[in-house]
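Below is one structure, written out as structure tokens, with a few remarks after it.
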Amino acid sequence: MARPTIADIARRAGVSKGAVSFALNGRPGVSEATRRLILQVAEEMNWRPHSAARALVGAKAEAVGLVIARPARTIGVEPFFAQLLSGLQAELSSRAVALHLLVVEDTAAEIEIYRRWASEHRVDGFILVDLQVRDPRVEVVEEIGLPAVVLGGPGKHGSLSSVWADDREAMLSIVDYLAALGHTRIAHVAGLPSFRHTQRRIRALRDSAKRLRLAEVISVPTDFSDSEGAAATRALLSRAVRPSAIVYDSDVMAVAGLGVATEMGVAVPRAVSIVAFDDSVLARIVHPPLTALSRDTFALGRQVAATLLAAIAEPGVPRDVKTQTPRLTVRESTAPLAEGAKSI
């Protein structure tokens with residue numbers, strides 16, 4: 001069935017197209033009786049304004065945009081993104097605002113979508129995730145002129161608002177705990193090296209090596225996939241001098257690493273301890289259950305959405321929201337290294 005137009009409403013109501021336009025846009029020029037008639041007919045015909053027409057009169061799109069530049073196969077299996085999206089949608093839905101979501105392969109494609117959605121007036125603002133080192137998206141979104149919230153930090157991002165947790169502090173809490181258990185050789189199966197949070201975690205581990213006098217630390221970058229997490233684990237556990245503890249930047253990679261350790265006959269936690277940077281059902285149901293950094297990702301999503309809606313309602317006022325640092329939840333995948341285990 002064709003989308004009803006202003007002309008269709010005018011014919012059914014028996015009025016001019018100009019009268020319909022005045023009534024639908026709340027402008028003077030028609031009597032109250034005629035306005036009520038036109039609005040009733042429009043409702044009966046299930047008429048909705050076209051996005052371009054809404055833009056001409058300055059109406060809001062009642063939608064926000066989220067574009068994720070990661071391989072779709074990695075997004076589909078990450079509980080973090082599922083919980084984040086659930087929180088975003090819960091907050092936005094409560095305000096009758098839609099979420100436009102698109103997964104693309106790279107940053108260039110992501111930027112192109114921002115420009116297109118803005119020019120077509122599809123969204124009132126953007127949510128940026130996976131903040132990069134010298135991120136080109138910040139300048140582009142500022143140029144576009146729509147409100148936006150960056151998930152990640154710390155620090156200012158031009159005129160954009162931000163919601164963030166301290167990744168450095170979180171990594172330090174893991175390393176301090178492992179060092180207290182006697183681990184001096186710690187490996188880090190990291191995410192994409194272009195991400196700012198990856199770099200902060202790598203630097204935190206490196207700085208801890210000096211502060212805690214650790215024998216060796218190593219960070220191995222990956223694309224966050226289970227396959228690369230497994231490959232990195234296999235390489236680390238095949239070394240002549242292997243780490244006694246491994247920290248993973250996601251729960252999915254940690255579960256994959258646990259599988260590799262089992263495959264290679266490396267006992268967890270007796271021979272190697274495992275920690276996940278994200279907590280989830282996955283981390284809790286494997287054997288042994290994984291020690292992990294825990295936070296309410298659903299609540300984080302709601303916070304991001306609320307911050308963006310506030311920025312849309314009051315543009316030009318950047319908001320810097322620091323959320324609680326994820327806390328270490330200790331489970332059975334970590335323990336002091338057993339005497340005589342092959343770690344040196």
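The values are calculated or read from the model by the stated rules, or taken from the named source; none is laboratory data. As the structure is a computational prediction, the values presented were derived from the model and not from experiment. All Cβ positions, glycine included, derive from the backbone under ideal geometry; neighbour counts span all protein chains shown. Quick note on the areas: whole protein, heavy atoms, side chains included, nothing else; ligands and nucleic acids left out. Shrake-Rupley method; radii C 1.70, N 1.55, O 1.52, S 1.80 Å.
So how far apart, in nm, are the two label points at Glu112 and Ala180 if each is 7 Å from Cα heading toward Cβ?
Using points 7 Å along Cα→Cβ, the separation is 5.0 nm.
Compute the long axis of helix 79-94 from its Cα atoms, compare it with the longest principal axis of the Cα atoms of the chain, and write down the angle in degrees, 0 to 90, nearest 10.
30 degrees
Once neighbouring chains are kept in place and the probe is 1.4 Å, which whole percent of the accessible area of the stretch 131-182 is contributed by carbon and sulfur?
Values: 1050 of 2040 Å².
Carbon with sulfur: 51 percent of the solvent-accessible area.
What is the stretch 171-313's relative contact order, in percent, from Cα pairs under 8 angstrom and six or more apart in sequence? If you can, show how the numbers build up before the last one.
Values: 207 pairs, mean separation 29.0, N = 143.
Across the stretch 171-313, relative contact order equals 20 percent.
So what is the accessible area of the chain per residue, in Å², with the probe set to 1.4 Å? Show your work: numbers first, answer last.
Numbers: 15900 Å² over 344 residues.
Result: 46 Å² of accessible area for each residue.
Report the calculated FRET efficiency for Ala235 and Glu139 (r = Cβ-Cβ distance, R0 = 56 Å), to the nearest 0.05.
Working: r = 38 Å, r/R0 = 0.67.
FRET efficiency, Ala235 to Glu139: 0.90.
Determine the percent antiparallel among the DSSP beta bridges restricted to the chain, to the nearest 5.
Within the chain, antiparallel bridges account for around 15 percent of the total.
How large, in percent, is the carbon and sulfur part of the accessible surface of the stretch 220-268 at a probe radius of 1.4 Å?
In the stretch 220-268, the share of accessible area belonging to carbon and sulfur is 58 percent.
Once every DSSP H run of n ≥ 4 in the chain is given -39500 (n - 2.57) and the sum is divided by its residues, what mean residue ellipticity at 222 nm do you get, rounded to the nearest 500 deg cm²/dmol? Mind dumping the intermediate values first?
Working: 14 runs with 156 residues, N = 344.
Rounded to the nearest 500, it is -14000 deg cm²/dmol.
At a Förster distance of 30 Å, what's the computed FRET efficiency of Ile75 paired with Asp207, Cβ-Cβ distance as r, to 0.05?
The value I calculate is 0.45.
Could I have the simple spin-label model distance between Gln324 and Arg11, label points 7 Å from Cα toward Cβ, reported in nm to one decimal?
6.0 nm
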